[in-house]
Amino acid sequence: MKFFIDTANLAQIKEAQELGVLDGVTTNPSLMAKEGITGKDNILKHYVDICNIVDGDVSAEVISTDYESMIKEGEELAELHDQIVVKVPMIKDGIKAIKYFSDKGIRTNCTLVFSVGQALLAAKAGASYVSPFIGRLDDISTDGLNLIAEIRHVYDNYNFDTEILAASVRHTMHVIDCAKIGADVMTGPLSSIEGLLKHPLTDSGLAKFLEDYKKGN
Ligand code: E4P
């Protein structure tokens, strides 16, 4: 399972990279705005800064919603760095754009996916990644993890190459449950990754080992 961090915060991206288990980064317009990154030039520069920190894929989202503009914007994003994956919304023109990018060898992440049907369409269009938002489904009393399981089942039926990128991961149990189901990737906050470290028996066991070492020395 690949671990992506879902942020545009360079300090957190560096921290996750230094942990040694980071496989990529996802961003979206809200996350860029949260870091105060505004204006096209600053946004493009920020994507390059992120690519220079991590070894893996970096999702950069188009703002356009019509086919022609998405193509222009996506090609510009893809030119920035070979780690860039063009993030395209799950709308009709988005599907057409994903097919275009796929034919041209430009990698894509189909975002804002909330149903199996949408995920099927993204795979048919040749998306490299599909991003079902599990946390946002949970927020409206719908089982986000069940969507991951259903997409896994459908993709396995047909051996689609599209990777399931569990997005809108909010906490560590989401990470563990996505791994059990077989999501290819998860993207979440740094805290969802660091939560995997935690167990009270590890802490008490280490304290005891160190205490016993001191006694004997
Ligand atoms: C990832 O690609 C999404 O942009 C992100 O996971 C959305 O998460 P949120 O629902 O916590 O905003």
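The values are calculated or read from the model by the stated rules, or taken from the named source; none is laboratory data. A quick note: this is a predicted structure, and the numbers were derived from the prediction, not measured. Please note: Cβ atoms are built from the backbone with ideal geometry, for glycine as well, and neighbour counts cover all protein chains shown. Surface accessibility is based on the protein's heavy atoms, side chains included, excluding ligands, DNA and RNA. Shrake-Rupley method; radii C 1.70, N 1.55, O 1.52, S 1.80 Å.
Out of the residues in the range 15-30 that are open to solvent by 30 Å² or more (accessible area, probe 1.4 Å) and within 16 Å of the ligand (Cβ to nearest atom), state the one that is nearest to residue 51 (Cα to Cα).
23
Within the range 92-106, track down each residue that is in contact (Cβ under 8 Å) with a residue 12 or more places away in the chain and either within 16 Å of the ligand (Cβ to nearest atom) or not in a helix (DSSP H, G or I) (or both).
94, 98, 106
Please identify the pairs in which a residue from the range 73-91 that is free of Cβ contacts under 8 Å to residues at least 12 places away in the same chain and over 9 Å from residue 106 (Cα atoms) has its Cβ atom under 6 Å from the Cβ atom of a residue that is within 16 Å of the ligand (Cβ to nearest atom) and in a helix (DSSP H, G or I), counting only partners at least 6 apart or on another chain.
From the range 73-91, no pairs qualify.
Please indicate, with yes or no, whether at least one residue in the range 192-207 is within 15 Å of the ligand (Cβ to nearest atom) and either within 30 Å of residue 144 (Cβ to Cβ) or open to solvent by 30 Å² or more (accessible area, probe 1.4 Å) (or both).
Looking through the range 192-207, at least one residue is within 15 Å of the ligand (Cβ to nearest atom) and either within 30 Å of residue 144 (Cβ to Cβ) or open to solvent by 30 Å² or more (accessible area, probe 1.4 Å) (or both).
Could you tell me whether the range 34-57 includes any residue that is open to solvent by 60 Å² or more (accessible area, probe 1.4 Å), part of a helix (DSSP H, G or I) and within 13 Å of the ligand (Cβ to nearest atom)?
Yes, because at least one residue in the range 34-57 is open to solvent by 60 Å² or more (accessible area, probe 1.4 Å), part of a helix (DSSP H, G or I) and within 13 Å of the ligand (Cβ to nearest atom).
Looking at the range 113-128, I want the residues that are over 21 Å from residue 60 (Cα atoms) and have a partner that is open to solvent by 50 Å² or more (accessible area, probe 1.4 Å) with Cβ atoms under 7 Å, at least 6 apart or on another chain. Which pairs are those?
116/150
Could you please find all residues in the range 107-125 being more than 16 Å from the ligand (Cβ to nearest atom) and open to solvent by less than 30 Å² (accessible area, probe 1.4 Å)?
123, 125
Quickly run through the range 142-191 and pick out the residues that are out of contact with any strand residue (DSSP E or B) (no Cβ under 9 Å at 6 or more places or on another chain), within 15 Å of the ligand (Cβ to nearest atom) and not in a helix (DSSP H, G or I).
Across the range 142-191, the qualifying residue is only 142.
If you take the residues of the range 62-79 that are within 18 Å of residue 32 (Cβ to Cβ) and either crowded, with 16+ Cβ neighbours inside 10 Å or of a type in the set (Phe, Trp, Tyr) (or both), which of them is nearest to the ligand (Cβ to nearest atom)?
62
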